[in-house]
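To start, the structure itself, in structure tokens.
The values are calculated or read from the model by the stated rules, or taken from the named source; none is laboratory data. Nothing here was measured: the structure is a model prediction, and the numbers come from that model. Because the Cβ atoms are built from the backbone with ideal geometry, glycine has one as well, and the counts that use them run over all protein chains shown. Areas reflect the complete protein model, heavy atoms only, side chains present, ligands, DNA and RNA absent. Shrake-Rupley method; radii C 1.70, N 1.55, O 1.52, S 1.80 Å.
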Amino acid sequence: MSKLVIVGTVAFDAIETPFGKTDKILGGAATFIGLAASQFNVDAAAVSVVGGDFPQDYLDLLANKNIDTTGIEIVKEGKTFFWSGKYHNDMNTRDTLATELNVLADFNPVVPEDYKDADYVMLGNLHPIVQIGVLEQMTKKPKLVVLDTMNFWMDNALEDLHKIISKVDVITINDEEARQLTGEYSLVVAARKIHEMGPKYVVIKKGEHGALLFHNDNVFYAPALPLEEVFDPTGAGDTFAGGFIGYLTKTDDISFDNMKNAVIYGSTLASFCVEKFGTERMQTLSRQDVHKRLQQFSDLTQFDIELS
Ligand code: AMP
């Protein structure tokens, strides 16, 4: 079975949406990616850092989903990364209220020995220097490296971000961030410019409007499933990334055609993530739930047209 290394924040989040407000709950990019990838039963390890304030229960939750947590360092005297955000009424845009790096500020990642030869690497959202540090520890060239990032790192570590972008095969990024990174409004032009920075594949996430996959002149579009209820979009992007890389790790096929399926899986899993606060929905998600929704997805996008 192929192995997957996941790096990203493991965090406390405090979220405010038009439907309610949470205190500090479990969050973080690696958490959402791991929960999504666990749907594929892949051999995955998370690399991250938390403080002494982080409950063991949360680490157990990941371990119970078969995610190796030995690469999650616990800094006993430190505080866990904290993020807080507030969603606007459209639920597609949000303001970040706080980003407290805490133990992430001096984090030196250590990839567990058994995973240094992994074929798949998911560089989830966190400092680009940490992402570079993980890649440098791999003892053989992975088959596929996927990078996810966000505006925070464009604002605070652009030079290092460009370094890591130049080293990856796939980047997943949301529409606003693609525009910020390239200075281009058109997503087609933005994707071309990002190709020129390094990644052969560019995935642009458009929230409730789906996702676009670009590879040279090929483009694939997956809509987001129209949902009756969107409760909390936090982690949808990471869940998408986890579904995308989880599916590719499981199938061990990195062709463009298979990446299309990976995008569909990513969108499907993200559609569950937003139904409850934080990681709640992803914790109980069953394979049956996923299959049912994949069928809905297929029905939604299926049509027969005769071209005359
Ligand atoms: P998403 O909604 O997919 O963009 O991801 C939200 C998750 O990203 C939250 O659980 C946060 O803990 C985490 N997060 C927020 N800001 C950052 C950041 N600057 N670096 C890494 N992770 C972050």
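Does the stretch 88-104 include one or more residues that are surrounded by 21 or more Cβ atoms within 10 Å (Cβ to Cβ) and within 12 Å of the ligand (Cβ to nearest atom)? Among the residues of the stretch 88-104, at least one is surrounded by 21 or more Cβ atoms within 10 Å (Cβ to Cβ) and within 12 Å of the ligand (Cβ to nearest atom), which makes the answer yes. Inspection of the stretch 167-188 finds a residue satisfying the criterion of being assigned to a loop (DSSP other than H, G, I, E, B), touching a helix residue (DSSP H, G or I) at 6+ places or on another chain (Cβ under 9 Å) and within 29 Å of P112 (Cα to Cα).
Hey, can you tell me all the residues within the stretch 41-70 that are open to solvent by less than 40 Å² (accessible area, probe 1.4 Å) and more than 22 Å from N108 (Cβ to Cβ)?
Selection gives V42, L61.
Against the definition (part of a helix (DSSP H, G or I), open to solvent by 30 Å² or more (accessible area, probe 1.4 Å) and away from the ligand (no atom under 12 Å from the Cβ)), how does Y247 come out, yes or no? So Y247 passes the test. Go through the residues of the stretch 49-58 one by one and say whether even a single one is in a strand (DSSP E or B), at pLDDT 95 or above and farther than 30 Å from R287 by Cα. Scanning the stretch 49-58 turns up at least one residue that is in a strand (DSSP E or B), at pLDDT 95 or above and farther than 30 Å from R287 by Cα.
Regarding the stretch 91-98, can at least one residue be identified that is at pLDDT below 95, over 22 Å from S267 (Cβ atoms) and part of a loop (DSSP other than H, G, I, E, B)? Scanning the stretch 91-98, I find no residue that is at pLDDT below 95, over 22 Å from S267 (Cβ atoms) and part of a loop (DSSP other than H, G, I, E, B), so the answer is no. I129 fulfils the conditions (1) touching a strand residue (DSSP E or B) at 6+ places or on another chain (Cβ under 9 Å); (2) open to solvent by 20 Å² or more (accessible area, probe 1.4 Å); (3) within 13 Å of the ligand (Cβ to nearest atom); (4) touching a residue at least 12 places away in the same chain (Cβ under 8 Å) except for a single criterion, (1). Taking the stretch 4-25 as the range and being surrounded by fewer than 24 Cβ atoms within 10 Å (Cβ to Cβ) and assigned to a strand (DSSP E or B) as the test, the residues that pass are A14, E16, T17, G20, K21, I25.
Considering V219, V202, V189, the condition of being without any contact (Cβ under 8 Å) to a residue 40 or more places away in the chain, open to solvent by 70 Å² or more (accessible area, probe 1.4 Å) and more than 16 Å from the ligand (Cβ to nearest atom) is satisfied by V219 alone.
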